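Down below is the structure, laid out as structure tokens.
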Amino acid sequence: MVSIVTLTILGAALTIVAQAFSTYLAFRRRVEAAKRSGFPYVLSPIFGIGFRYVFLIEGILLPICSRLPVAKDWEWVHIIGQRESWSHRRTTHDRLGDTYMIVSLNMLYLKTRNAELVTQLVTRKTDFRKPIEEYKIVDLFGRSMLTSEGQDWKEHKRVIAPSFSEKSNRFAFEESLRQAEGMMNLWKLEGVNEAGDINVENTAKHTATLSLNVICAAGFGVPQLWPHEDEAMLSDMALPGFSSSKLTNGHVMMFRDSLDQMLRGLLNLVIFSPWMLKISPFQGQRKTYRAYDETRKYFNELLDIKKKQVFSGESDVKTMDLMGPMIRASDELPAGYNEKTSKAYKPILSRDEIISNSFILFFAGHETTANSLHFSMIYLAMSPPTQKHLQFDIETIVGDKPISEISYLEDMPRLYNSMVGAVMNEQLRLVPPVINIPKIVAGGDKKVIIDKKEFTVPDTTFIHLNTVATARNPRYWPYAPSWITDAAHDLEDFVPERWLAGDDDDEDDEEEPAEGTSTEASEKVSYESSKGGLYKPPKGAFLAFSEGLRACPGKRFAQVEITAVLTAIFQRYSVEFDVSDWASDEEIEMMDDKQKKRVYDKAIKRARQVLEDLEPVITLLMKHGDKVPVRFVEKGRERFAYLYDEE
Ligand code: HEM
């Protein structure tokens, strides 16, 4: 008689064979689909998206392959890494084509830098949807606009989008100016040297605080102070318990600090669950849990405060009031509210969803904007002539007006359409915070047209719109030969001047209002002048804020914030690299121009390397431990800028 053990072994073996056979058949079907698609494709044993695959592919498989001399000839080894879009920029596409597929044993994948295809992928909402499963990890408090699809998403968007209006842009602009002044005053207090210059070891730390402060105040009506600022400054704007350093309601951290710490520990929170962090043996993880718990409590309290305001008929007219409309559209309002306002309302959001959306607005708008400012400063220190041009434009537009008098209505349109907007766009072109925008094919194979030719994107294909390579695709951008490398084009270089080409063609470039967006939110804002403004790349070519239905609703908020902060800083200061790793101030004093330039070139080279080595974590960040120390000097007191005048 056959023993149970033998039967078990036989059963297990048959299951493995059956599984292997079905995997093989599925793989063959994928290969056939890729052949039919018309796109070039590469075969790979495995491919995947998300943290599991980072571990499997980049932690185990690729390190093994890197030790096998034969593996360097395998195409798949070079293209399956999660960082591929950043580490190879455009070289993979140059080799394989603007659009290519990966066929693996477990999935079908397509990556593109073709603007025409991108436009179809971001506008055909039922054919290509957002793979929200990939975003579930940030659902720490519940479902949100970022993590929903279809009708659910439409409802979230309909409630939230109107808050991003022209009026809100003004709040964000004014608050950003105030915060920029606060940040510079802090720099002066912390880093000023005998000559009056300001050393800042890592601007990222302060731009992060700045952008958090701007969303707190302009978005949620909870203004924040820099450590050196007096609470009296806020006068009646302060929200007790949220704006001051006095802890209330049993809190152990300040509101801004809890949010800040939670956002910094976000990776831990998305890899592990909050309850795991709570009992973690590591102090850092327990701290992240505490920040998460405090943030949750603060959001609940804020919601109750705002709810009272809404119920009593008050409306917050001094800020964007992001929470107010969510409360009005929720099941949170007390009985009797309807009768009081005589407005019928249909509850759309739950309490958890209001909190989750509030968190998502901080999450999506914080690091992105902060890094954009931080990287802009590095690029400007690398390019003294561009910085001079920027300062010239700022001086022409705002002169020496006090920061508090720079005006959204008068100055923002001219600033945005000058070198200020060009610097911001060029920085975002080179270092978009999100390197891949995901989509997935739903409901069968989909036909697409590229250059008048028909292609098929097979059902269930996972797609990445490669924001990095699209922004470097010579088909869509004005370019000249690089003066830094011997490349035939300068699309890898920081050349904001390419945006100053102007654009008189205003007919085709109008952004379509996204579905679910109110007219107010989709109104044309005053600073987006249609004639003679900045260069407008073809649709689908500039994806820093994504495009189409799921484009970033905070785009204008970020644009006005970055414009205001760059203006406030560069109206009075220049940024240069801190070269003290190579020569002291006294040594620089004694040097001739050639020697000085040699020193500064070393600093430029180091900064360029740090930028090359950026790592896509959730957004594109500097590698842990990397930093680029800079020095802010009053305009006219630069030590190195003139050395680059002729170039
Ligand atoms: C330089 C700054 C910013 C950049 C480059 C940026 C970029 C992006 C991108 C690429 C997406 C699409 C992501 C995807 O589909 O996977 C996105 C979505 C989003 N962004 Fe931004 N963003 C910025 C600032 C902001 C700000 C300031 C806010 C809010 C205050 C914000 C709120 C959002 C939200 C809520 C979404 C989700 C939209 C949806 O799924 O429908 N972003 N952003």
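Brief remarks follow.
- Taking Cβ atoms as reference points and 13 Å as the exclusive limit, the residues near Leu225 contribute a net charge of -3, counting Lys and Arg as +1 and Asp and Glu as -1.
- Taking 20 Å as the limit for the C-alpha separation, the pairs Lys154/Lys555; Lys111/Lys539; Lys447/Lys555 exceed it in the case of Lys447/Lys555.
- At R0 = 22 Å, FRET efficiency that the Cβ-Cβ distance of Glu634 and Asp585 yields, to 0.05: 0.90
- Heavy atoms of Arg598 accessible to a 1.4 Å probe, total area in Å² rounded to 10: 140
- Listed residues Ile562, Ile60 arranged by accessible area, highest first, probe 1.4 Å: Ile60, Ile562
- Taking every full run of DSSP H in the chain, the ones that stretch at least 24 Å from end to end by Cα along their long axis and average 0.0 or higher on the Kyte-Doolittle scale are 4-37, 351-382.
- Distant-in-sequence amide contacts of Tyr573, defined by a placed amide H-H separation under 5 Å and a gap of 5 or more residues or a different chain, comprise Lys635.
- Spatially proximal aspartates and glutamates relative to Lys452 (Cα-Cα < 17 Å; intrachain offsets below 8 disregarded): Asp98, Glu116
- Here the contact order of the range 103-171, divided by its residue count and restricted to Cα pairs under 8 Å and six or more residues apart, works out to 16 percent.
- With protein chains left intact and a 1.4 Å probe, residues in the chain average 45 Å² of accessible area per residue.
- Peptides 468-477, 611-620, ordered by how many other C-beta atoms sit within 10 Å of their residues on average, highest first, read 468-477, 611-620.
- Near Ile450, the amide H atoms lying under 5 Å from its own belong to Phe455; only residues 5 or more places off or on other chains count, and H is placed 1.01 Å from N.
- Over 30 Å (Cα to Cα) - which of Lys136/Lys605; Lys130/Lys453; Lys167/Lys635; Lys605/Lys635; Lys125/Lys318; Lys72/Lys623 fall in this group: Lys136/Lys605; Lys167/Lys635; Lys125/Lys318
- For Gln82, the amide hydrogen comes within under 5 Å of no other amide hydrogen, counting only partners 5 or more places away or on other chains and with H modelled in the peptide plane.
- Taking every DSSP bridge with both residues inside the range 4-142, close to 55 percent are antiparallel.
- Anchor Lys278: lysines whose Cα lies under 17 Å away (excluding residues fewer than 8 positions away in-chain): Lys287, Lys297
- Overall, the accessible surface of the chain at a probe of 1.4 angstrom is composed of carbon and sulfur to the extent of 56 percent.
- Working from Cα pairs under 8 Å separated by at least six residues, relative contact order for the chain is 20 percent.
The values are calculated or read from the model by the stated rules, or taken from the named source; none is laboratory data. If you're wondering where the values come from, they're calculated on a predicted model, not measured in any experiment. FYI the Cβ positions are ideal-geometry reconstructions off the backbone, even for glycines, and counts take in every protein chain you see. Protein only, heavy atoms only, side chains kept; ligands, DNA and RNA dropped before computing areas. Shrake-Rupley method; radii C 1.70, N 1.55, O 1.52, S 1.80 Å.
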